[in-house]
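So the structure is just underneath, and the comments pick up after that.
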Amino acid sequence: MSLTAGRSIWRSMGTATLAALAVLAGSMLIAAGATRIARMLPRPALGSTIPTSTAISAQDGQLLRLTLAADGQFRLWVALDQMPARLPSAVLMYEDQWFYHHPGVNPAALVRAAVNNRGAGRRIGASTITMQLARRIYRIDTRSPLGKLHQIAAALWLEVRYSKHDILEAYLNLAPYGRNVEGVGAASLVFFGRPVSQLSVPQIMTLAVIPQNPRARRLGAGAKSRGSALDHARRRLWARWAEVHPTDARFSGDMDLPGDAKPPDALPFLAPHFTDAVLRQAQGSVRTTLDLARQRTLERMLQSYVSEQSAIGIRNAGALLLEVNHGTAQMRAYVGSADYRNAEIDGQVNAVTAKRSPGSTLKPFVYALALDQGLLHPRSILKDTPSSFGPFSPENFDGRFVGPIAAEEALVRSRNVPAVALASQLSRPTLYDFLRASGVSHLNSERYYGLALALGGGEVSMEELGRMYAILLNGGRAIPLRYLADPPESAASARPATPLGERLLSDEASFITLDMLEKNPRPDTGQPAAPAVAWKTGTSWGFHDAWSVGVFGRYVLIVWIGNFDNSGNPAFVGVQAAAPLLFRIIDALRTQGLDTGGLRRPPRNLARVDVCAASGDLPNADCPQTIATWYIPGKSPIRVSQLHRRVYLDASGRSACGPGPGVHEEVYEFWTSDMLRLFREAGMPRRLPPPAANCGNLTTDTPGWDGNARDGDAPQIVSPLRGVVYTLRPAHLQTLALRANIAARSQAIYWFADNAYLGRAVRGEDLAWLPARAGHYLLRAVDDTGAVDTRDLDVEVAP
C-alpha cells in the first residue's frame, strides 16, 4: 500500500478512530473515579443554576405574561411527569432512539457519522441527547476535536451522576427553539400560547423536530406551510410515529391544518399591575386566581368612564374585585390604573398597593366595633349635633347637623359627628387596634391619629381596604388575600397580621353592618340596590381621593378615582365620582352572568325586636310607632323608652298630679335641650310639655310617673320563685317560665338577665328561658311604663 493510499484511508477513518478513542478515554475516566472528573468539570445539579423565566397565567390557564430569564432567554422549567407522554417519546424517536441503551455516547452513531461526513454531501449528527445536554450545560465548543472529546467525557460524566429521567427532563427544558427561546415549556407558551401539558399532537410533532436545526426550522409566520424545512421534518417524524402508534392515525388530518404558531414578539402582556405584584411573590410557572374575563370587564369600564368624565378632570382610576371563598379573599380582577402605558397619568404606579386616605370608608368598622361592645343596635338614636372632642370639632360633609338620627341612617348618610362620637366611646379593640389586626401596615401611633382616624385620617391601600371588607363577608374572621391558585408555603398570599381565622369581629356585628349598608340607596335610582349591594363611599380631605366599596354576594369591589401626583379636584367626591362607576361595573358583571350568590343568612345568635322608632328603645305604652331591628342578645343596649310620656293636664293646660274633674291626658316627647335647639334650627320645633306640677317627692315629668300609681302597680315577678335554686339537667334541656303580674294600664313586659335582653311577653303570657350557664343571675321585669321588679336567681347544673 502506498503512502498516499494510507493517508487517504486515515483521513476517511480518522474521525471514526477519534470517536473510538473518545469512548475508550471516557471509559478510562469513569474507571479512574468520580474524584478526578469532579476536578475537571463543574458539578451543578441539573437545572439548579440555570436562570428561568416566570410564566403567569389566569385561573383558567391562559397566559398573562412570560418574563425573560436573567440571561435574556425565554426558559421555563417543566417536570417530565407534567409533559404529555407523546412529547418525550417523539423527541427520542427523532433524536436518540437508543437513549435508554447507551452510556451517554453511541459509538456506532459516531462511526456512521464519521464515514458519512467525510464527503461534501449532507452531514448527519451523532450527538446523543446526553451529549447535546452536556454541550448546553457546560457551554462546550464542539467544533474542534478537543471540544468533541470534552463533550463526550462530559456526557459520560452526566450519565454516571444522573438518571436517564433527569437527563431527559433537563434536555427538554434546555433544547434550543430559535431566537432566545429554550425548552419545551417556554416554546409551547411563546409559539402556541398554552402550557406544555395542553399541546396537541401536531404541536408535539413540531416541537420535537425543531431543536435539531432551530435556525432552519424556526417557528413563525408561514413556518409550517407545506414545503418548508420545518414541514418536511415534522412529516418525516409523523410518518414514523403513525407507523409505531397506529391508534394516533386519527390525527393525520390535523397535520394538514394551517399552522397556528405565533412569533415571540406576540407574547401577551395582560393585567400588568397584577402580574407585577405576582412577580414579587413567586417564580416559575404560576397559576393565579385572576379571572381574565372579569379583568377585561373592569379595564374596559374604567377606560370608558375616565374618557366620559375627562371634562371634569377625572383622568385616572383603579379597581379591585375579590371573591371571598373557603376562608380566603381571592383576586379576581386587579386594575392599578386606567392605562398602564400612559406616562401622563403615571400609569405604571399601582393604585391597588398605593397608600391613600380612605375617607369615610372606615366608618362601617367603627359601627361594627360599637355593635360588639354593646354601644348600639341599628335603630339606636345617635346625636348629630355640634360637638367637641378635646381640640377636635368634627363637621359633616354638608356643613349641617340633623339632630337625632338612627345609627343605620347615620352610617348610610355618612354623618361624621356620630361616627367620631362612637369612636370616642370604643374600648379595646379600638378602630386603630382593628386596622393593625386586619393587616394595615406602616401605621403611626394611635395618638398620632386621634379620633380623626374614623374619618380617614390615616392611610391604607386598596388591597388593605379590600381585606377589611372581606373580613365582614368572612363573618368577622381574619382572612388572607390570595393571588395564587396554588400558593407555596413561603409566600402564598398577602396575609393579615392576625393569625388566619382569628376573630376580629363577631359574626353578628359583621352581618348587621352589611345589612345596614344594604339600605344605602343607589346614586342613580335613589333606592337600595336590587339584588342587594352593601356599599359605602369615601372622600379624602382636599378632594384628593374618591372611593366606593361594594359588597354583593361573595364579592367585594373597590373603586378609586384620583391622581398619582396627589393633586385635588372638587369632582373627586365618593358618591358623585366613584359610586356611579362602582354600579356600572356591578351591573356589567351581573349581565355577564357573575354568580353573586344567595341571601346571607343571619347568625343563629341574632334576633329581631320591635323598638320605638323615635327613641330606638323598647316601646312603652305611649310610643306611637314601632320598627323592627336586629339586636345581639347579651350585647345590644335594650331598655324601655322614656321619650314619650303621658302628662295630665287641667282645663287651663297646666300640669296636674293625676286624674280628676276637667283633667285630661296628652303624650309629649321629652327631648334634651340640645336636640330641641336643632329641631328649631331645622324649622321643625317640637311641642314642649308644660312645666311640671309639684306632686310631693315626684314631678309629672319624672320618667315612669303615673298620677294613678300605687305600690301595687309595679310588675310583680311570680316565677321563678324567690330563694329557690333551680337545677338544670344536661340530658334534658328544660326552660324556666318567667312570669310577672303587671298593672292594668300596662300591656307588655320586657325581661332581662343581668344586662342581657331575653324577650318580650304580653299580658298573661310566660316567657320561656334557657339559662346559658350555671351561676347567679339578676332578673329584671320592666313593663311598658318603665316600672321594674327584680329577683335574684341561682342556677346549678346537676352532675
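Within region 363-377, is even one residue assigned to a strand (DSSP E or B) and touching a residue at least 60 places away in the same chain (Cβ under 8 Å)?
no
Is it true that some residue in region 483-505 is within 29 Å of Ala333 (Cα to Cα), basic (Lys, Arg) and modelled with pLDDT of 95 or more?
Within region 483-505, the subset within 29 Å of Ala333 (Cα to Cα) is 483-505.
Cutting the leftovers down to basic (Lys, Arg) gives us 495, 503.
Next, from what is left, pick out any that are modelled with pLDDT of 95 or more: none.
Looking for residues that are within 29 Å of Ala333 (Cα to Cα), basic (Lys, Arg) and modelled with pLDDT of 95 or more, one finds none in region 483-505, hence no.
Return the only residue of Gly359, Gly347 being under 25 Å from the mean Cα position of the chain (by Cα) and surrounded by 24 or more Cβ atoms within 10 Å (Cβ to Cβ).
When all the criteria are applied, what remains is Gly359.
Enumerate the pairs (first residue in region 754-767 and on the phi < 0 side of the Ramachandran plot; second residue anywhere and among the aliphatic types (A, V, I, L, M) and in a loop (DSSP other than H, G, I, E, B)) with beta-carbon separation below 8 Å, excluding pairs fewer than 6 apart on the same chain, so at least 6 apart or on different chains.
Every condition considered, the pairs that remain are Tyr757/Ile638; Arg763/Ile742.
Which one of these is under 24 Å from Asn173 (Cβ atoms) and modelled with pLDDT under 90: Gly220, Gly227?
Going through Gly220, Gly227 in turn, just one is under 24 Å from Asn173 (Cβ atoms) and modelled with pLDDT under 90: Gly220.
Within the bounds of region 150-160, is there any residue that is in a helix (DSSP H, G or I) and surrounded by fewer than 20 Cβ atoms within 10 Å (Cβ to Cβ)?
Within region 150-160, one or more residues are in a helix (DSSP H, G or I) and surrounded by fewer than 20 Cβ atoms within 10 Å (Cβ to Cβ).
Across region 630-679, which residue is most open to solvent (accessible area, probe 1.4 Å) among those that are under 48 Å from the mean Cα position of the chain (by Cα) and basic (Lys, Arg)?
Restricting to residues being under 48 Å from the mean Cα position of the chain (by Cα) and basic (Lys, Arg), the top hit is Arg639.
In region 127-146, which residues are surrounded by 13 or more Cβ atoms within 10 Å (Cβ to Cβ), of a type outside the set (Ser, Thr, Tyr) and not in a helix (DSSP H, G or I)?
Matches in region 127-146: Ile140 only.
Could you pull out the residue among Ala621, Ala579, Ala614 that is surrounded by 16 or more Cβ atoms within 10 Å (Cβ to Cβ), aliphatic (A, V, I, L, M) and in contact with a Cys (Cβ under 8 Å, 6 or more places away or on another chain)?
Working: Ala621 fails: in contact with a Cys (Cβ under 8 Å, 6 or more places away or on another chain); Ala579 fails: in contact with a Cys (Cβ under 8 Å, 6 or more places away or on another chain).
It is Ala614.
State all residues of region 66-86 that are open to solvent by 20 Å² or more (accessible area, probe 1.4 Å) and free of Cβ contacts under 8 Å to residues at least 60 places away in the same chain; if no residue qualifies, say none.
Of region 66-86, the ones open to solvent by 20 Å² or more (accessible area, probe 1.4 Å) are 67-68, 70-74, 77, 79-82, 84-86.
Selection gives Ala70, Asp71, Asp81, Ala85.
I'm checking my understanding of the structure. Among residues of region 468-483 that are in a loop (DSSP other than H, G, I, E, B) and of a type outside the set (Ser, Thr, Tyr), which one is surrounded by the most Cβ atoms within 10 Å (Cβ to Cβ)?
Ile479
Please determine, by comparing only the residues of region 394-440 that are in a loop (DSSP other than H, G, I, E, B) and open to solvent by less than 40 Å² (accessible area, probe 1.4 Å), which one is nearest to Gln527 (Cα to Cα).
Our first condition is that a residue be in a loop (DSSP other than H, G, I, E, B); within region 394-440, this holds for 394-402, 413-415, 426-430, 439-440.
Filter once more, so that each one left must be open to solvent by less than 40 Å² (accessible area, probe 1.4 Å): 394, 396, 414-415, 426, 430, 439-440.
Working: Pro394: 29, Asn396: 23, Ser414: 16, Arg415: 19, Leu426: 32, Thr430: 33, Gly439: 34, Val440: 33 Å.
Step by step, filter region 394-440, then rank; the result is Ser414.
How many residues are under 44 Å from the mean Cα position of the chain (by Cα) and open to solvent by 70 Å² or more (accessible area, probe 1.4 Å) if we restrict to region 736-790?
The total comes to 6.
For region 720-747, name all the residues that are at pLDDT below 85 and part of a strand (DSSP E or B).
Of everything in region 720-747, those that are at pLDDT below 85 and part of a strand (DSSP E or B) turn out to be Val725, Tyr726, Thr727, Leu728, Arg729, His732, Asn741.
Which numbered condition in (1) in contact (Cβ under 8 Å) with a residue 60 or more places away in the chain; (2) assigned to a helix (DSSP H, G or I); (3) of a type in the set (D, E, K, R); (4) within 22 Å of Thr49 (Cα to Cα) is the only one that Arg179 fails?
With (1) in contact (Cβ under 8 Å) with a residue 60 or more places away in the chain; (2) assigned to a helix (DSSP H, G or I); (3) of a type in the set (D, E, K, R); (4) within 22 Å of Thr49 (Cα to Cα) applied to Arg179, the lone miss is (2).
The values are calculated or read from the model by the stated rules, or taken from the named source; none is laboratory data. On a predicted model such as this, the values are computed, not experimentally measured, just so you know. No Cβ is skipped: glycine too gets one built from the backbone with ideal geometry, and neighbour counts run over all protein chains shown. All accessible areas refer to the heavy atoms of the entire protein, side chains included, with ligands and DNA or RNA removed. Shrake-Rupley method; radii C 1.70, N 1.55, O 1.52, S 1.80 Å.
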